[in-house]
Amino acid sequence: MKHTISVLVENEFGVLPRVSGLFSGRGFNIESLSVAPTIDPTISRMTIVTSGDERILEQINKQLNKLIDVIKVIDFTGQDYTEREMGLIKVNAEESTRAEVLRIVDIFRAKVVDVTQSSYTVEVTGAPGKIDAVVELLRPMGIKELIRSGPVVLGRGAKGWKTQ
Amino acid sequence: MKKTGSQILLECLRLEGVDTVFGYPGGTVINIYDDLMDSPIKHILNRHEQAAVHAADGYARATGKVGVAIATSGPGATNTVTGIATAYMDSIPMVIITGQVPTPLIGNDAFQEADMIGITRPITKHNYLVRDIKDLARIIKQAFYIARTGRPGPVLVDLPKDIQMATHKFEYPDKVELRGYKPNYSGNSRQIEKAIKMILAARKPVIYVGGGAALSNSNLELKQFAETIQAPLTMTLMGLSSFPNTHPLSLGMLGMHGTYHANMAVTDSDLLIAIGARFDDRVTGKIATFAPHAKIIHIDIDPTSIKKNVRVDLPIVGDLKDVLKKMLEQLAEYDAQVATLRDELAPWRAKIEVWKKEQPLGYKSSKKEIKPQFVIEKLCELSDEDAIITTEVGQHQMWTAQFYDFIQPRTFLTSGGLGTMGYGLPAALGAQAAFPTRQVIDISGDGSFQMNSQELATLVQYRLPVKIAILNNNFLGMVRQWQQLFFNRRYSQTCMELPIDFKKLAEAYGATGLQATTPDEVEAVIKQAFATPGPVIMEFKVCREENVLPMVPAGAGINEMVLAS
Ligand SMILES: Cc1ncc(C[n+]2csc(CCOP(=O)(O)OP(=O)(O)O)c2C)c(N)n1
């Protein structure tokens, strides 16, 4: 089963390989990983999408907590949270397909962020499933390049994470 | 007043109470070595960086203090890797200082550069690259704190040469603040209460003790606990010496080469109380048939150890000393029930006694050939009760675990988790450096001994009177045993074709060499070795194809042992 985990880490030199090395060294999956500083510049936040049974998830959680640089771990599975991912898709846009691309962009409230004579670059943001859908619809036109940010998540409600 | 980085380092070590460090100099630690001449800290010059780390490890295991080793960058640093991994697997508190090329050169494939932070990330509890002299004192403080608290482990500090030479005002922080590291020492009282209920309801309990008992110095509480409930107690290789093996409740070691009665008791038990142990595969054998009828209580300071390999009915996270104390307090409140429990367990203890009588640990003795087990028994008989025993890895290690009765805590130092040949001699050296007047004995095989035999020089130079017992079977015995049992006696590359004259080798270093070739020489050689000042090699020409039994074949349940008779 898929799990989305947020990890607050010290914004220290070499913290990313500690986390990724833990996953590879112990044979845990990483489907995606995103990391950037938080409002507190000494802390970074990672969002990791992983999979495994209950026992593996428990180990992932404990092993992450065991790392000295890890401040907090939250598995969002079963919780109420907002999940967003961004995709940038460079798609063929010939005379015959331009209109169709724009129609798809419109329906999904995506944006065209770069235009050339033969291509559009489409920016789409939303739950990962929405990006999947746009990619599928654009695929027949010919996708030249695709990048996805991997999801980032935030719990719903007024409460924020305390880090101390 | 300003100090240089290397002075700050040494000052920090002194403030941490370090009296002895083990190491080897080189270009990127030359400043540290220069300042060492003006420091009260004693430095022992090992003959290989791996040995320096094992020596610091032996020092740490014997004393409970943090062991410290120093090595230069590049090859010196990479030589420490096996030592660090050995300490990591057995949770030994250590700080390893490695030199590093100057910060502007890092990443340039500079002369003697190796990415030690990358290399040691999976084998350290934590590691640091010092990038600014301002951080140095804080990092050393944190390194020692992390190494010795929680589940202990080795911490590496990689210290570039330019930082050692830079100057800064020295202030040693008095507090450590790590928001991501707050080990939980105090066991949850409600969980402990549940444990007491489970214990009172048990009719076939077994206490299963691992290395955590020594690490937390809880041997007294452990003994009191076992005696209070009169439950049989078995130990892992790492648990040995935390409970007197001569105690009537001791079942000896369990697992692959455990005793018949320990393995049968665990298999038949209705409650397994795991104390500072981690259900290693050498202990459990086939997981599916491990303690199939037992509820499991697992007490450990490291939450990752719990439910990693086996299901657990009641986890208790905390320091063993704290948890055992609380358990004893609560048991005291159930006086009457505990008394009943002790009686109720009589048939269980009797059943185990029958297993023990049926299949006692033993071997076929011989008048002609020296049996390796006989040597261990004699060593046990003739050595002091507080003698510190180290081993290498192989058959001799398992025979030591089986036939040497450890009584006092921290008297058995062996590489349990990594199984590192070459560990025993330098570890003995480190233990002897900590306790110059105690007997320290490395029990070795002829193969393992040659993995760090250069340390004879260190022993002689520093007058460390370690006694070395080599059980010479001219084989890599443990591998040969597997080849005999599982590969049709095809002894591929396990026969040490070249006989070594260990007596001459000892003498070449200025040590003493003794040899026994028949059983009746054994006692005399041991007595002579113990009476001889300085390091001594005792070589015992043992029966070549003796096997370690009982043995649980890989993949089998621990009740499916190959037995001696
Ligand atoms: C560094 C290292 N290399 C290889 C091994 C694999 N190994 C385990 S036991 C053993 C044989 C040890 O032989 P010896 O030291 O002579 O002891 P014996 O088994 O004969 O008592 C070997 C090669 C190991 N444990 N450690």
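Name the residues in the stretch B:235-264 that are under 17 Å from B:LEU549 (Cα atoms), of a type in the set (Ser, Thr, Tyr) and in contact with a strand residue (DSSP E or B) (Cβ under 9 Å, 6 or more places away or on another chain), would you?
Passing the criteria: B:THR236, B:THR259.
Consider only pairs whose beta carbons are under 7 Å apart and that are at least six residues apart or on different chains; among these, list those whose first residue lies in the stretch B:152-164 and is within 13 Å of B:ILE92 (Cβ to Cβ) and whose second residue is open to solvent by 10 Å² or more (accessible area, probe 1.4 Å) and aliphatic (A, V, I, L, M).
The qualifying pairs are B:PRO152/B:LEU215.
Would you point out which residue out of A:ASN65, A:ASN61 is farther than 26 Å from A:GLY87 by Cα and surrounded by fewer than 18 Cβ atoms within 10 Å (Cβ to Cβ)?
Going through A:ASN65, A:ASN61 in turn, just one is farther than 26 Å from A:GLY87 by Cα and surrounded by fewer than 18 Cβ atoms within 10 Å (Cβ to Cβ): A:ASN65.
A quick yes/no check of all residues on (1) more than 17 Å from the chain's Cα centre (by Cα); (2) more than 18 Å from A:ASP75 (Cα to Cα); (3) away from chain B (no Cβ under 13 Å):
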{"position": "A:LYS2", "(1), (2), (3)": "no, no, yes"}
{"position": "A:VAL7", "(1), (2), (3)": "no, no, no"}
{"position": "A:LEU16", "(1), (2), (3)": "no, yes, no"}
{"position": "A:GLY25", "(1), (2), (3)": "yes, yes, no"}
{"position": "A:ILE39", "(1), (2), (3)": "yes, yes, yes"}
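State whether the residues of the stretch B:192-205 include one that is of a type outside the set (A, V, I, L, M), closer than 16 Å to B:GLY276 by Cα, in contact with a Leu (Cβ under 9 Å, 6 or more places away or on another chain) and more than 14 Å from every other protein chain (Cβ to nearest Cβ).
Scanning the stretch B:192-205, I find no residue that is of a type outside the set (A, V, I, L, M), closer than 16 Å to B:GLY276 by Cα, in contact with a Leu (Cβ under 9 Å, 6 or more places away or on another chain) and more than 14 Å from every other protein chain (Cβ to nearest Cβ), so the answer is no.
Answer yes if at least one residue in the stretch A:155-164 is within 14 Å of chain B (Cβ to nearest Cβ) and among the hydroxyl-bearing types (Ser, Thr, Tyr), and no otherwise.
Scanning the stretch A:155-164 turns up at least one residue that is within 14 Å of chain B (Cβ to nearest Cβ) and among the hydroxyl-bearing types (Ser, Thr, Tyr).
Looking at the stretch B:124-139 only, could you name the residues that are aliphatic (A, V, I, L, M), more than 10 Å from every other protein chain (Cβ to nearest Cβ) and touching a Pro at 6+ places or on another chain (Cβ under 8 Å)?
B:VAL130, B:ALA137
So, in the stretch B:140-165, of the ones that are in contact with a strand residue (DSSP E or B) (Cβ under 7 Å, 6 or more places away or on another chain) and away from chain A (no Cβ under 14 Å), which residue ends up farthest from A:PHE13 (Cα to Cα)?
Per the stated criteria, the residue is B:MET165.
Would you pick out the residues in the stretch A:43-97 that are of a type in the set (A, V, I, L, M, F, W, C), within 11 Å of chain B (Cβ to nearest Cβ) and closer than 30 Å to B:GLU177 by Cβ?
Hits for the stretch A:43-97 are A:ILE43, A:ILE60, A:LEU64, A:LEU67, A:ILE68, A:VAL70, A:ILE71, A:VAL73.
Which of the residues that make up the stretch A:1-42 are out of contact with any Lys or Arg (no Cβ under 9 Å at 6 or more places or on another chain) and assigned to a strand (DSSP E or B)?
A:LYS2, A:HIS3, A:THR4, A:ILE5, A:LEU33
Which residue pairs have Cβ atoms under 8 Å apart, sit 6 or more places apart or on different chains, and have a first residue in the stretch B:476-499 that is of a type in the set (S, T, N, Q) and a second that is assigned to a loop (DSSP other than H, G, I, E, B) and away from the ligand (no atom under 11 Å from the Cβ)?
Close Cβ pairs satisfying both conditions: B:GLN483/B:ARG489; B:GLN483/B:ARG490; B:GLN483/B:TYR491; B:GLN483/B:SER492; B:GLN484/B:TYR491.
Can you pull out the residues in the stretch B:294-307 that are open to solvent by 10 Å² or more (accessible area, probe 1.4 Å), in contact (Cβ under 8 Å) with a residue 60 or more places away in the chain and in a loop (DSSP other than H, G, I, E, B)?
Answer for the stretch B:294-307, where residues must be open to solvent by 10 Å² or more (accessible area, probe 1.4 Å), in contact (Cβ under 8 Å) with a residue 60 or more places away in the chain and in a loop (DSSP other than H, G, I, E, B): just B:ILE301.
Being over 22 Å from A:THR4 (Cα atoms) and either at pLDDT 95 or above or surrounded by 15 or more Cβ atoms within 10 Å (Cβ to Cβ) (or both) is the filter here; which residues of the stretch A:147-164 pass it?
If the condition is that a residue be over 22 Å from A:THR4 (Cα atoms) and either at pLDDT 95 or above or surrounded by 15 or more Cβ atoms within 10 Å (Cβ to Cβ) (or both), then no residue fits.
Of all the residues that make up the stretch B:110-135, how many are in a helix (DSSP H, G or I) and buried (at least 17 other Cβ atoms within 10 Å of the Cβ)?
7
How about the stretch B:171-190: which of its residues are away from chain A (no Cβ under 14 Å) and crowded, with 18+ Cβ neighbours inside 10 Å?
B:GLY187
Suppose we keep only residues that are of a type in the set (Gly, Ala, Ser) and assigned to a helix (DSSP H, G or I) within the stretch B:421-447. Which one would you say is nearest to the ligand (Cβ to nearest atom)?
B:GLY447
With a cut-off of at least 3 residues that are over 22 Å from B:ALA137 (Cβ atoms) and among the hydroxyl-bearing types (Ser, Thr, Tyr), name the helices (runs of 4 or more DSSP H) lying wholly within the stretch B:1-109.
By residue number, B:81-89.
Taking strands (runs of 3 or more DSSP E) that fall entirely within the stretch A:76-164, which contain at least 3 residues that are of a type outside the set (Val, Ile, Thr) and under 18 Å from the mean Cα position of the chain (by Cα)?
In the stretch A:76-164, A:81-92, A:143-148 are the strands (runs of 3 or more DSSP E) which contain 3 or more residues that are of a type outside the set (Val, Ile, Thr) and under 18 Å from the mean Cα position of the chain (by Cα).
Among the residues of the stretch B:482-504, is any within 16 Å of the ligand (Cβ to nearest atom), touching a Ser or Thr at 6+ places or on another chain (Cβ under 6 Å) and under 19 Å from B:LYS371 (Cβ atoms)?
no
Checking B:GLY416 against (1) in a loop (DSSP other than H, G, I, E, B); (2) over 21 Å from B:THR234 (Cα atoms); (3) within 16 Å of the ligand (Cβ to nearest atom), which test does it fail?
(2)
Taking into account only those residues within the stretch B:112-123 that are touching a residue at least 40 places away in the same chain (Cβ under 8 Å) and more than 14 Å from B:MET94 (Cα to Cα), which is nearest to the other protein chains (Cβ to nearest Cβ)?
B:ILE117
The values are calculated or read from the model by the stated rules, or taken from the named source; none is laboratory data. What you see is a predicted model, and the numbers here were worked out from it, not measured in a lab. Note that each Cβ is placed from the backbone with ideal geometry, even for glycine, and that neighbours are counted across all protein chains shown. To get the accessible areas, we keep the full protein, side chains included, count just its heavy atoms, and leave off ligands, DNA and RNA. Shrake-Rupley method; radii C 1.70, N 1.55, O 1.52, S 1.80 Å.
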